[in-house]
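Before any comments, here is the structure.
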Amino acid sequence: MVKRFSLQPEMTRTMKHTTLLLLLLFALPFLPEPVSAATPKSGSITGKIIDQTAQEPVIGAVIECSPADSTKKLYTTSDKDGAFTFPKLAYGSYDVTITYLGLTSHTSQVEVAKPKTDLGTITMTPDIQQMDEIVVKGLTMRTTQKGDTLVYNAGAFKVTPDASTEKLLEKMPGIKVEGGNVEAQGEQVKKVLVDGKEFFGEDVTTAIKNLPAEVIDRVEVFDKLSDQAAFSGVDDGQGYKAINIVTQRGLNHAKFGRFYGSYGFDELYNVSASINLLKDNRRLTLLGMANNVNQQNFATDDLLGVLSSGGGRGGRGGNAFMIGNQSGVSTVKMFGVDYANQWWDKLKVQGSYSFNTTKNTTEALTQREYFSDQLYDETGRDNSRINGLVEYKINDNNQLMFRPSLSFQTNDTYSADTSATAATDGDAGNTLLNFFKSNSAANSAGYNISGYLNFMHKFGGRDGRVLTVSINGGASKNDRDNTKYSLTRYLNPDSTSQLNQLILNHSKGYRVGGRVSYSEPVSERVQLLANYDISYNYSDRDKRSYELPGDLFLDSLSNTYNSGYLTHRVGPGFRLHSDKTMLVVNLNYQYATLTGDQQFPTVSRSKMAANFDNIVYRAMLHLKFNRSNSMRVRLFSGTDNPSVTQLQNVLDVSNPLFISQGNPNLKPVYAQRMNIRYTRVNV
């Protein structure tokens, strides 16, 4: 018998449970997420910091992050891009503070409610704080000695805020400024340099009057070597005194200048302006002035006074001299520009241009016993000058240098003179002896152009082995038209002398020359020198005189004359130097040939030719006793050739009270000079 069991109720209950479980598993992803405090939500804060002034990333800034409801703080720093990040921050409110030395702190409140919160670019500004007055007391060194250079600390000499370099130099011991000329340690300063670059050529006056003193850091006084000596390192004894003005740091990218103007009674005025533009190696200076109060600026070249010269010392010719302030009252207008730049690594260019127009009026009355004189003089002068320097450094052993110069000038003058001479007769009073009255008017124009090209080569192997080859030349012209009237009356016996002339005086000339020099080192302390110079100087003068009125030609007072000098100079030399002693000696034989040809006056036409032999020398001894004491001795000789006017045998009767006549048989002047300078510096 089979026993049966019923399983239906149990199976039905199991299937129900299984079905319910499957339904729950299927619906689980669609159910809402239960609220739980076990795992809080989190996000991050990011940002980038830049300097507002420099517009560059701020590297190393400290960023502090702290929850608003907690004292816990987190820190990080900005990277090389100025970026920072705070990761894994719980959702909530945070205070973010950014600090960096020298920049103003930045604080902001940030709400973190998403995985990433970006603050963007945060700019920080400079932190400028006003401090109380700080007084620092100390001893300022006024001067220091660096080798052969005497250095003045500009900050130790007090001047007004708008003072020029001239006013600063006047306060420095050992420097003398007078009439536009500058002397340092007893010698005339030939050049002013700014940061080692020439400033307005040899026009020292313009340089010191227009550079503001407030930009100067120090002033250096030294003996500048000649171009050849600076390249070779062998002092040839032909250096000169110079001043180097060193500007303050940071002015290599600067613009500075000054302007002033004034106007007063009797329509007097004075206006001046200057501007300096500096960028790296480039320097540009613009300046101008106008006044009628006798403030004269340029030390102008008086071209018209020298172009008629037939010769010069050593046969060079074409000498020019500088004139400072004139007497009387002057109205001056001027403009100048100076430029210097390093165009390429090997090419340096410097140049300057200056223009000056001056109207000078002088009225003078002189009274002496037995003599009285009244003079009126009016002069108008326009002067322009261009100087340049082109220096090309081919390589370490070869250098090419070119110095061009161009000057031109016009000059209009009028003068009147009245004088009388009397003799005393005791109680009877004075007796008039003569009476003189004259007036003169002249119109002049002239130019002078010159150039100097120098090639220098260093031979390898030994220092001091140098070859120098140079050529130079120039041309000049001067035209002067002059009317002269004078009346002289002699009263005992009674007679009259009258002069009324038109004088056309034209002159021109040119000069060419060359030089070859070589130095050979014999030992570390001794070098042998050898040089050869050749020069030719030609001058031509055409003077025509006419009697007025009627323009009657005066043959006896007219003159046409030309002359030429050919000069050769050759000789050896040597240089001896040690730590405390330097001796340079050059000895030359000079042979000069003079030729002359006179056309007028026809009654005394002549030709001349002459030869001259001379021994000329140059020596320099420099002794350094110690750091503070030194002595320099210079010996030199040379020839000064007579000018065309000195050679003409024609009477000059333009002033009847002072009649002169040239001598065609004049010989060159042979001069010997010695200069001793002792320097003691106590800083």
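Remarks
- When ALA163, ALA156, ALA213, ALA184 are checked against the criterion of being in contact with a Leu (Cβ under 6 Å, 6 or more places away or on another chain) and not polar (S, T, N, Q), ALA213 stands alone in meeting it.
- Looking only at the range 192-215, and only at residues there that are out of contact with any helix residue (DSSP H, G or I) (no Cβ under 7 Å at 6 or more places or on another chain) and in a strand (DSSP E or B), the one that is surrounded by the most Cβ atoms within 10 Å (Cβ to Cβ): VAL194
- Every pair of residues 6+ apart whose Cβ atoms lie under 6 Å, when the first sits in the range 448-467 and is farther than 18 Å from LEU529 by Cβ and hydrophobic (A, V, I, L, M, F, W, C) while the second is open to solvent by 60 Å² or more (accessible area, probe 1.4 Å) and part of a strand (DSSP E or B): LEU453/PHE402; LEU453/ILE471
- Hey, GLN590 open to solvent by less than 30 Å² (accessible area, probe 1.4 Å) and at pLDDT 75 or above or not: yes
- Residue in the range 216-239 that is nearest to THR160 (Cα to Cα), counting only those that are among the hydrophobic types (A, V, I, L, M, F, W, C), touching a Leu at 6+ places or on another chain (Cβ under 9 Å) and at pLDDT 75 or above: ILE216
- Residues of the range 439-475 that are in contact with a His (Cβ under 9 Å, 6 or more places away or on another chain) and open to solvent by 30 Å² or more (accessible area, probe 1.4 Å): LEU467, VAL469.
- Annotation: of all residues in the range 164-182 being of a type in the set (Asp, Glu) and modelled with pLDDT of 85 or more, the one that is nearest to the chain's Cα centre (by Cα) is GLU166.
- The C-beta contact set for the range 527-550 (first residue in contact (Cβ under 8 Å) with a residue 12 or more places away in the chain and among the charged types (D, E, K, R), second residue open to solvent by less than 60 Å² (accessible area, probe 1.4 Å) and part of a strand (DSSP E or B), distance under 6 angstrom, 6+ apart or interchain) comprises ASP533/ARG569; ASP540/ASN562; ARG541/SER507; ARG541/TYR561; ASP542/THR560; LYS543/ASN505; LYS543/ASN559; ARG544/LEU504.
- Tallying residues that are more than 20 Å from ASN356 (Cβ to Cβ) and among the acidic types (Asp, Glu) within the range 408-423 yields 1.
- Filtered residues of the range 551-562 (kept if touching a residue at least 40 places away in the same chain (Cβ under 8 Å) and open to solvent by 50 Å² or more (accessible area, probe 1.4 Å)): ASP551, SER556
- When residues of the range 324-361 are limited to those that are touching a Phe, Trp or Tyr at 6+ places or on another chain (Cβ under 7 Å) and either modelled with pLDDT under 80 or open to solvent by 50 Å² or more (accessible area, probe 1.4 Å) (or both), the one farthest from GLN188 (Cα to Cα): LYS346
- Where a residue in the range 606-628 is on the phi < 0 side of the Ramachandran plot and its partner, wherever it lies, is surrounded by 15 or more Cβ atoms within 10 Å (Cβ to Cβ) and of a type in the set (Phe, Trp, Tyr), with Cβ under 6 Å and at least six apart: ARG618/PHE636
- Residue list for the range 563-587, restricted to those being within 13 Å of LEU621 (Cα to Cα) and open to solvent by less than 40 Å² (accessible area, probe 1.4 Å): ARG575, MET582, VAL584, ASN586
- The one condition in (1) within 35 Å of the chain's Cα centre (by Cα); (2) assigned to a strand (DSSP E or B); (3) more than 29 Å from PRO642 (Cβ to Cβ) that ASN586 fails to fulfil: (3)
- Scan of the range 171-182 for residues that are in contact with a Gly (Cβ under 9 Å, 6 or more places away or on another chain) and either assigned to a strand (DSSP E or B) or open to solvent by 20 Å² or more (accessible area, probe 1.4 Å) (or both), ordered by number: GLY174, LYS176, GLU178, GLY179, ASN181
- A count restricted to the range 382-399 and to residues that are open to solvent by less than 30 Å² (accessible area, probe 1.4 Å) and basic (Lys, Arg) stands at 1.
- Test for THR99: is it open to solvent by less than 70 Å² (accessible area, probe 1.4 Å), closer than 11 Å to MET124 by Cβ and touching a strand residue (DSSP E or B) at 6+ places or on another chain (Cβ under 6 Å): yes
Okay, residues lined up against (1) open to solvent by less than 100 Å² (accessible area, probe 1.4 Å); (2) farther than 30 Å from ILE128 by Cβ; (3) among the hydrophobic types (A, V, I, L, M, F, W, C); (4) modelled with pLDDT under 85:
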{"site": "SER6", "(1), (2), (3), (4)": "yes, yes, no, yes"}
{"site": "ALA38", "(1), (2), (3), (4)": "yes, yes, yes, yes"}
{"site": "LYS41", "(1), (2), (3), (4)": "no, yes, no, yes"}
{"site": "SER66", "(1), (2), (3), (4)": "yes, no, no, no"}
{"site": "SER93", "(1), (2), (3), (4)": "yes, yes, no, no"}
{"site": "THR104", "(1), (2), (3), (4)": "yes, no, no, no"}
{"site": "ALA113", "(1), (2), (3), (4)": "yes, yes, yes, no"}
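- Per the conditions (1) surrounded by 15 or more Cβ atoms within 10 Å (Cβ to Cβ); (2) without any contact (Cβ under 8 Å) to a residue 40 or more places away in the chain; (3) farther than 26 Å from ASN383 by Cβ, the sole criterion not satisfied by GLY264 is (1).
The values are calculated or read from the model by the stated rules, or taken from the named source; none is laboratory data. Treat the numbers as computed from the prediction; the structure is a model and nothing was measured. As a convention, Cβ positions derive from the backbone with ideal geometry for all residues, glycine included, and neighbour counts pool all protein chains shown. These area figures cover heavy atoms from the full protein model, side chains too; ligands, DNA and RNA do not enter into them. Shrake-Rupley method; radii C 1.70, N 1.55, O 1.52, S 1.80 Å.
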